[in-house]
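One structure is given below, encoded as structure tokens.
The values are calculated or read from the model by the stated rules, or taken from the named source; none is laboratory data. Keep in mind that this is a model prediction, so the values were computed, not measured. With ideal geometry, Cβ positions are generated from the backbone for all residues, glycine too; neighbour counts draw on all protein chains shown.
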């Protein structure tokens with residue numbers, strides 16, 4: 001099977017190289033030279049050049065030439081993994097077999113944007129690595145392969161990203177072998193179970209100390225590296241927060257303390273704050289000059 005690969009993020013690079021080292025025929029790569037949309041952006045041309053695979057830089061100016069590049073390489077399959085654009089109907093019709101997409105969530109649940117971030121921010125206990133047949137609508141095609149993945153309370157964006165990709169690497173080789181052997185698994189999505197996560201905005205990453213401590217912890221771990229980081233505001237300036245820890249107020253000695261009050265300062269990037277229901281210890285923050293008794 002000749003595979004044309006489309007992608008431009010870290011997961012794209014990992015899955016592309018997994019296919020290559022397992023001897024799969026990659027006939028072309030579509031990627032971007034730069035992207036302001038993806039904090040985990042990766043230019044796949046470096047990888048395609050390493051393995052002497054033809055590549056095409058996608059942009060608004062080059063979009064008209066995209067289908068010509070694909071036609072020239074006559075793919076049996078298109079794998080579109082880590083791409084922030086819907087493919088046009090005419091592009092979806094180009095491969096001989098199918099266009100396969102990837103979504104790190106348990107489809108039909110949790111379609112849409114920022115699936116790893118939302119899963120952690122909402123405190124979910126489970127997600128999935130899902131590959132599906134792409135059509136003109138986002139994330140609603142028949143499921144090709146899905147593996148459930150447990151989310152631990154200690155997971156961060158980085159660790160969950162790695163869990164999902166370790167699973168996805170096994171899946172992509174297995175179903176590519178199946179395609180080569182004439183096996184085409186398909187399972188329709190149950191639309192009654194579907195929901196769509198919206199695009200997150202800047203305010204979604206802002207820590208409000210009226211939140212309970214677990215919600216703040218979930219927010220911080222959901223946006224930590226490789227993503228942009230949650231942030232707090234102090235004296236009208238934003239400070240990125242990369243790590244935190246819930247501290248239980250078992251003695252109830254802080255019941256009468258207002259949320260947002262700094263209770264202890266350990267360093268210029270670590271301090272203890274009262275939240276809406278408990279305490280949160282900021283373990284890793286951009287350098288900030290605060291003192292005990294200040295309010296955030």
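Listed values, structure above:
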{"quantity": "Test: residue 171 is surrounded by 14 or more Cβ atoms within 10 Å (Cβ to Cβ) and either closer than 22 Å to residue 10 by Cα or in the same structural domain as residue 268 (by TED's automatic domain parsing) (or both)", "calculated": "yes"}
{"quantity": "Test: residue 53 is assigned to a strand (DSSP E or B) and either touching a strand residue (DSSP E or B) at 6+ places or on another chain (Cβ under 6 Å) or buried (at least 17 other Cβ atoms within 10 Å of the Cβ) (or both)", "calculated": "no"}
{"quantity": "Single condition residue 39 does not satisfy, out of (1) surrounded by fewer than 18 Cβ atoms within 10 Å (Cβ to Cβ); (2) within 26 Å of residue 174 (Cβ to Cβ); (3) in contact (Cβ under 8 Å) with a residue 60 or more places away in the chain", "calculated": "(2)"}
{"quantity": "Residues being in a strand (DSSP E or B) and under 23 Å from the mean Cα position of the chain (by Cα) - total across the stretch 1-50", "calculated": "8"}
{"quantity": "Selected residue (criterion: surrounded by the most Cβ atoms within 10 Å (Cβ to Cβ)) from residues of the stretch 153-168 that are in contact with a helix residue (DSSP H, G or I) (Cβ under 8 Å, 6 or more places away or on another chain) and farther than 19 Å from residue 18 by Cβ", "calculated": "157"}
{"quantity": "Which listed residue, of 273, 220, 241, 262, is touching a strand residue (DSSP E or B) at 6+ places or on another chain (Cβ under 6 Å) and not in a strand (DSSP E or B)", "calculated": "220"}
{"quantity": "Residues that are surrounded by fewer than 19 Cβ atoms within 10 Å (Cβ to Cβ) and assigned to a loop (DSSP other than H, G, I, E, B), drawn from the stretch 206-217", "calculated": "208, 210, 211, 212"}
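Table: residues versus (1) touching a strand residue (DSSP E or B) at 6+ places or on another chain (Cβ under 7 Å); (2) within 23 Å of residue 241 (Cα to Cα); (3) in contact (Cβ under 8 Å) with a residue 24 or more places away in the chain; (4) loosely packed, with under 13 Cβ neighbours inside 10 Å.
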residue: 93; (1), (2), (3), (4): no, no, no, yes
residue: 116; (1), (2), (3), (4): no, yes, yes, no
residue: 121; (1), (2), (3), (4): no, yes, yes, no
residue: 126; (1), (2), (3), (4): yes, no, yes, yes
residue: 130; (1), (2), (3), (4): yes, no, yes, no
residue: 133; (1), (2), (3), (4): yes, no, yes, no
residue: 141; (1), (2), (3), (4): yes, no, yes, no
residue: 145; (1), (2), (3), (4): yes, no, yes, no
residue: 189; (1), (2), (3), (4): yes, no, yes, no
